1. May I ask you to list the trypsin sites (Lys or Arg not before Pro) in segment 99-159 that are in a DSSP loop and have at most 15 other Cβ atoms within 10 Å of their Cβ?
2. Helix-only mean residue ellipticity at 222 nm, the chain, DSSP H runs n ≥ 4 weighted -39,500 (n - 2.57), per residue, nearest 500. What is it?
3. Can you tell me which lysines have their Cα less than 28 Å from the Cα of Lys195? Leave out same-chain residues fewer than eight positions away.
4. Normalized C-alpha radius of gyration of segment 16-56, against 2.2 N^0.38 Å?
5. From zero up to wherever the largest Cα-Cα distance of segment 89-169 sits, split into 5 Å bins and tell me the percent of pairs in each.
6. Calculate, axis by axis, the spread of Cα positions in segment 1-78 along the three principal axes, and write the results as whole Å, longest axis first.
7. For segment 114-161, just run the numbers: alpha carbon Rg, then divide by 2.2 N^0.38 Å, N being how many residues it has.
8. Just need the relative contact order of the chain here, percent rounded to a whole number, with Cα pairs under 8 Å and 6+ apart.
Amino acid sequence: MLLELTPDELLSTTRSVRKRLDLSRPVEREVLEECLRLAQQAPTASYSENWHFVVVTDADKRAALGELWRGVAYSYLGRGGERSGQMSRVGDAVVHLAEHIHEVPVHVIPCVEGRMEGKPNALVASKFGSIVPAAWSFMLAARSRGLGSAWTTFHLMHEREAAELLGIPYDDVTQVALIPVAYSVGTDFKPGKRKPLDSMVHWDTW
């Protein structure tokens with residue numbers, strides 16, 4: 001069922017959902033496939049469609065991925081020192097997700113063909129320019145169907161181990177994220193607080 005959201009509401013309320021993921025409710029395969037079909041409509045560099053999505057629902061594989069993710073998350077949080085305000089809330093949410101990520105019913109890993117280590121920036125930008133818009137389209141489509149998600153990259157510190165676990169050909173395919181996906185507890189997300197527009201927009205010169 002689609003939520004009644006305008007395009008602007010959808011774009012401004014698709015949050016990183018960590019604490020409000022429903023860990024007990026399964027996500028139907030057909031709903032995920034709807035979101036993935038919409039992801040396929042995203043722009044792709046040179047019309048290459050060189051993207052892949054590994055959808056992980058197997059409990060043992062989610063548990064193994066969770067162990068990889070959790071170790072890096074705790075190390076990251078330990079380096080962060082004292083946090084206040086919004087960053088403190090984000091830290092609390094990351095801890096919550098770390099404790100429960102193996103329980104999140106779906107892990108989606110967007111991938112792109114090729115490896116980018118040592119490649120020119122133009123090629124790297126082109127590769128990411130194919131997969132990131134498709135992954136974001138997936139996340140928007142998920143939000144519109146009452147699902148929550150978050151873009152995470154902790155497991156990439158152990159990308160090779162994750163590739164072996166999931167049968168991803170590491171030498172030929174790059175993982176770019178791990179997106180936990182579940183129905184959200186409530187759908188009343190608000191726009192996030194952001195810096196003033198003039199702090200990030202540069203007209204004609206930096």
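1. Values: sites: Arg115, Lys127, Arg143, Arg145; in loops: Arg115, Arg145.
Loop-located and lightly packed - Arg115.
2. Details: 6 runs with 87 residues, N = 206.
It comes out at -13500 deg cm²/dmol, rounded to the nearest 500.
3. Correct list for Lys195: Lys19.
4. On the way: Rg = 13.6 Å, N = 41, 2.2 N^0.38 = 9.0 Å.
Normalised Cα radius of gyration, segment 16-56: 1.51.
5. 3, 11, 18, 21, 22, 14, 9, 2
6. The Cα atoms of segment 1-78 stretch 37, 33, 28 Å along their principal axes.
7. Numbers: Rg = 13.6 Å, N = 48, 2.2 N^0.38 = 9.6 Å.
With N residues counted in segment 114-161, Rg over 2.2 N^0.38 Å equals 1.42.
8. Working: 295 pairs, mean separation 77.3, N = 206.
Reported relative contact order: 38 percent.
Computed from the coordinates by the stated procedures, all read-outs in this text should not be read as laboratory data. Keep in mind it's a predicted model, so treat the numbers as computed, not measured. Glycine also receives a Cβ, built like all others from the backbone with ideal geometry; neighbour counts cover every protein chain displayed.
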